[in-house]
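Just below is one structure, and these are the notes that go with it.
Readers should treat all values here as calculations from the given coordinates under stated rules, not as data from a laboratory. Quick caveat: nothing in here was measured; it's all calculated off a predicted structure. Positions of Cβ are backbone-derived with ideal geometry, glycine not excepted, and every protein chain shown enters the neighbour counts.
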Amino acid sequence: MQYYRKSKTLVNDTRREPTKSGVIGLLASAQGRSREDEIEDLVELEFGVRVEQRGRIIRDFQTEKTEKGKSMPLTNRYYLADAAFLVALSGNDELLISLDSALRSPKWPLFLGRRSCPATLPITLGIHDEYEDVRDALCRESWHAASWYKRRYHLPDLDVACDAHEGEISQNQADTPLSFSMKQRRYANRAVHHFRVPNPDSVHSEEVKSSDSMGFPDVTEESSVDFMFFEEM
């Protein structure tokens, strides 16, 4: 997967976690919205993401030519492989139900940042009401890492990035989409608060036992994002 970070060079970098613009674009695609449709209701959703497994960055060296045969600048594109994330969204009941349904049966193909990174279905964990808010969900929801990753890294603390509250230490990211229009894509800054939480499985965990004491299965170059929705309290 690739989550674009603005660059003025011929190097297309990627963030270490999904951006809000990337997630909103995926949700809009699932609902069948066009690039010219309004997305204000999606932008207003409270957003947070937890890194389930860190993954690794890989580089794709690309060459391009125009239809007339003119060579374009060489490009280095960076992607995340073997990563997994948990996204939590909070909003009104009607919108959440619609989004959950759309992710289960999307109108358009779903991509994780770029078209070369299709999502693996099912991608939603459904609507939950047992959590107080986005942060409570990202602190308490079970760890959704692959079995090989859990065997290799025993109950690590997990990184979280979410919409910042007033007065919190934060950093600005230009990943709040105002329009996906091909005529003029526009983005606004979003204050993001980063913190780390204890692995929720450590509270009631049993020792993870590997059936193969000699090592781990081959790593595949796939990444995943799971969505969890819950109603506003």
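Peptides 21-28, 38-45 ranked from most to least packed by the mean count of surrounding Cβ atoms within 10 Å: 21-28, 38-45.
Neighbour counts of other Cβ atoms within 10 Å put 162, 117 in the fewest-to-most order 117, 162. How large is the translational diffusion coefficient of the stretch 48-90 in µm² per second when you combine the Kirkwood radius over alpha carbon pairs with Stokes-Einstein at 20 °C and 1.002 mPa s? Answer, rounded: 163 µm²/s. Dividing the Cα radius of gyration of the stretch 97-175 by its Kirkwood radius returns 1.00 for Rg/Rh. Converting phi to 3J(HN,Hα) with the Karplus coefficients 6.51, -1.76 and 1.60 and the offset θ = phi - 60°, the stretch 169-176 yields 5, 8, 10, 8, 10, 7, 10, 9 Hz in sequence order, with x at every glycine or proline. For the stretch 100-176, chymotrypsin sites (Phe, Trp or Tyr not before Pro) are listed when DSSP marks them as loop and at most 15 other Cβ atoms sit within 10 Å of their Cβ; the list is 153.
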